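Values quoted throughout were computed directly from the atomic coordinates according to the rules given, and no laboratory measurement underlies them. Note that this is a predicted model, so its numbers are computed, not measured. Virtual Cβ from ideal backbone geometry, glycine too; neighbours counted across all protein chains shown.
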């Protein structure tokens, strides 16, 4: 009875969360501001009704099954060891979240979807930097440089060589990785503060280079009219360019500018999922453990025959490549980039995401990225005080939860003895 | 198996080791004893290639390793249990061991893990515990287990008794003797001269970067100079 109660409660909570996000609140853009408003009372009563229905159904499911004499579903719970149960629950939760993320934009306002896309970019950046700072323990203050490399790679490739987004994406990642590798070399012998200063300098070098190499990068004017990504050759513009088809013509629906926004959002979701998956795998592979081992004790690493040089370089390279992907996507989403987008404050924000989230913790980084991108948008009227609030938040975090919102948890099995 | 000939090491301008010559033969326990700052750890680290010997040759299994990079040296059947244990405190016991077996071929990996758990049943019990939360003795066991994960032919131990309770020290030394019986050659650096000399086949005494005495473990144990200087009379 107790277990059915909990599972019923869980199902109800999941329903509540999903419906609230999709139907319960409306995000509207008024001018440039974004406002959150509650949905009408009718919608809310429907939501509450649905939640109750789910709860009651789950609670009395077995009794119902008895009443109408249906064979009740065999409960697999007894066959699954303790540890695996959590795993199953986790998988279920993840599928729910992903499904919710995919369905959500079709109900949300355009501004909200746009903001979510931005958040996803920051999630990707945070996850990438998390490899370098969180796992390998190398403080990198110039991470935005790799982001810039990715963005400019796509912008320049499309400007000069007419390369499409999908072809440019791997190139951006690879080139950013190469820059990460190059930066890795001079900083190999440094650690802590010294490393931070050199990476900070590197970030500035890239930005100043982009700013002054006017013939190629357009200098402070930036690069505009960067093409948006297409879906298997289908464009999301009102009118197709030469020899191409637009999405709405192909589907036989009328043009709606929100298609593009939703497509970009879904693309970002896809990129983030791939990022999470790849990094998750990496941390379970020997190289991921080597990163952590290096952070813990580099002398011990050396005593075990590991080469710290190689480990550091892989961390820098891998971390940078994700920034490259994010940069490529950013450039195509914005359609316009200039060195202004890649100033030090961006590095600081990404670093803040990692620290706030909890070093090394993926879930923490994702939460922190959401907090740090959505909160400033919601608090637009306090814009002048944004940095102040930002600073205060960091100070309080360091005082109260120095380990971050969701501290990194190592995969951990608890043994229970039945006595 | 390991042979040092006239090895000197400098830290900048300061010379830490003066023309050290010593030899460790296959299957032996050789101990190096000496006071704080005599150069024990420096000698061990010089063999591992950091700091580099400024002169002299270090031959391991017939090959000169004095110019080879540290990570290369550490992958040739040599393993170190570093001073102060240096386990990865935030990682679990199992992960610590897996780091030790980083370059072990996957076929041997499982066997090695089992051997280590057999040697230290305590570690098996704490498989999924964070290494930093264990007691000093358990951490030392883990450090030794981690080094054993790479199937070393030769094991360097740098002060394994440091900061441990006498009963634990006893256990650790029993394990060291057991390892020797299983064919691992052992080079043991110790301040705890009494214990070290008891299990050692041979011993060297180092003072201010010079080897001042060398003899069998039993002889050194009764040597008057050694007794006065290291065994408290």
Residue A:216-residue A:164 FRET efficiency (beta carbon distance; Förster radius 25 Å; 0.05 resolution): 0.75
By how many degrees, 0 to 90 and rounded to 10, does the Cα axis of helix B:136-148 deviate from the longest principal axis of chain B? 90
Top mean-square fluctuation among B:11, B:60, B:109, Gaussian network model of chain B, C-alpha springs under 10 Å? B:11
Overall form of region A:314-356 per C-alpha gyration tensor (a/c, 1.5; a/b vs b/c): oblate
Among beta bridges that DSSP assigns inside chain A, antiparallel share in %, nearest 5: 80
Shape category assigned to chain A from the gyration tensor of Cα positions, a/c cut at 1.5: oblate
Bridge type composition, chain B - antiparallel percent by DSSP, nearest 5: 50
Using a Gaussian network for chain A with springs between C-alpha atoms less than 10 Å apart, which of these wobbles most: A:276, A:47, A:370? A:47
Taking the alpha-carbon centre of each part, the distance from region A:213-273 to region A:124-160 in Å is 22
Inter-label distance for residue A:103 and residue A:395, nm, one decimal - labels placed 7 Å from Cα along Cα-to-Cβ: 4.4
Using 7 Å Cα-to-Cβ label points, what is the residue B:25/residue A:46 separation (nm, one decimal)? 9.1
Each residue of B:87-97 has, on average, a number of other protein chain C-beta atoms within 10 Å of its C-beta equal to 4
Cut-off is 10 Å between beta-carbons; in what order do A:124, B:154 appear when sorted fewest neighbours first? B:154, A:124
Given a Förster radius of 35 Å and the C-beta distance between residue B:36 and residue A:178 as r, what FRET efficiency does 1/(1 + (r/R0)^6) yield to the nearest 0.05? 0.15
